[in-house]
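The values are calculated or read from the model by the stated rules, or taken from the named source; none is laboratory data. Since this is a predicted model, take the numbers as computed values, not measurements. A quick note on method: Cβ atoms are made from the backbone with ideal geometry, for glycine too, and the neighbour counts reach across all protein chains shown. Protein only, heavy atoms only, side chains kept; ligands, DNA and RNA dropped before computing areas. Shrake-Rupley method; radii C 1.70, N 1.55, O 1.52, S 1.80 Å.
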Amino acid sequence: MKALLRNAASVFVGLLVLFVLVTAVEVVTLALHPYPENFTHTMEEVCQHVERFPAWILGLAAGAWAISAYLSIWVTRRMGSPYSAGVVGVLLLAALFGNLAMLPYPEWFKATAGIAVFVATAAAIFSRTNSSSPVVETPPA
């Protein structure tokens with residue numbers, strides 16, 4: 001029961017970390033490429049806004065999304081297990097691919113962001129943590 005609660009808590013914390021980091025990325029990209037005047041947040045206007053993103057901002061966003069993925073899944077893995085990290089990874093990848101399918105990003109960005117986040121996700125899930133390493137005491141000198 002303790003392991004189940006720890007894994008559930010690790011998924012919650014990992015998703016919280018992911019939410020905070022992705023929100024920070026979106027705030028930064030919005031500051032660098034703000035909405036035009038009289039923006040009403042319709043799907044058509046959002047698509048037009050995404051189509052006008054400069055390439056360097058998209059590159060920055062892809063890297064920041066990958067870092068966000070790695071850190072949030074690493075936290076989940078560190079607190080829980082590879083399975084709980086996998087849950088966060090699957091949810092993250094589903095959200096990413098949904099976003100990439102819904103909005104008119106350039107093809108190079110879809111490929112770059114997808115590969116970068118997938119690699120970061122896998123690296124975090126399969127990373128070794130010190131949580132299961134035995135404690136080795138060194139004798140006093």
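Table for the structure above
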{"read-out": "Reciprocal of mean inverse Cα separation for the range 53-105 (Kirkwood radius, Å)", "value": "12.1"}
{"read-out": "Span-like helix ranges in the chain, DSSP H, alpha carbon extent 18 angstrom or more, Kyte mean at least 0.5", "value": "2-32, 55-79, 82-102, 107-125"}
{"read-out": "Top of Ser68, Ser127, Ser84 by mean-square fluctuation, Gaussian network on the chain, Cα under 10 Å", "value": "Ser127"}
{"read-out": "Rg(Cα) / (2.2 N^0.38 Å) computed for the range 18-128, rounded to two decimals", "value": "1.13"}
{"read-out": "Cα centroid of the range 73-111 to Cα centroid of the range 1-51, whole Å", "value": "12"}
{"read-out": "Sulfur and carbon atoms: percent of accessible area, the chain [1.4 Å]", "value": "71"}
{"read-out": "Leu93-Ser127 pseudo-label distance in nm [points 7 Å out on the Cα-to-Cβ vector]", "value": "1.8"}
{"read-out": "Å² of accessible area per residue within the chain, as computed with a 1.4 Å probe and no ligands counted", "value": "63"}
{"read-out": "The range 7-139 - percent relative contact order, Cα under 8 Å, separation 6 or more", "value": "36"}
{"read-out": "Within a Gaussian network of the chain (alpha carbon springs, distance under 10 Å), most fluctuating of His41, His33, His49", "value": "His41"}
{"read-out": "Choice from Leu60, Leu18, Leu96 showing the highest fluctuation, given a GNM over the chain with Cα pairs closer than 10 Å", "value": "Leu60"}
{"read-out": "The chain: calculated mean residue ellipticity at 222 nm from DSSP helix runs of at least 4, using -39500 (n - 2.57)", "value": "-26000 deg cm²/dmol"}
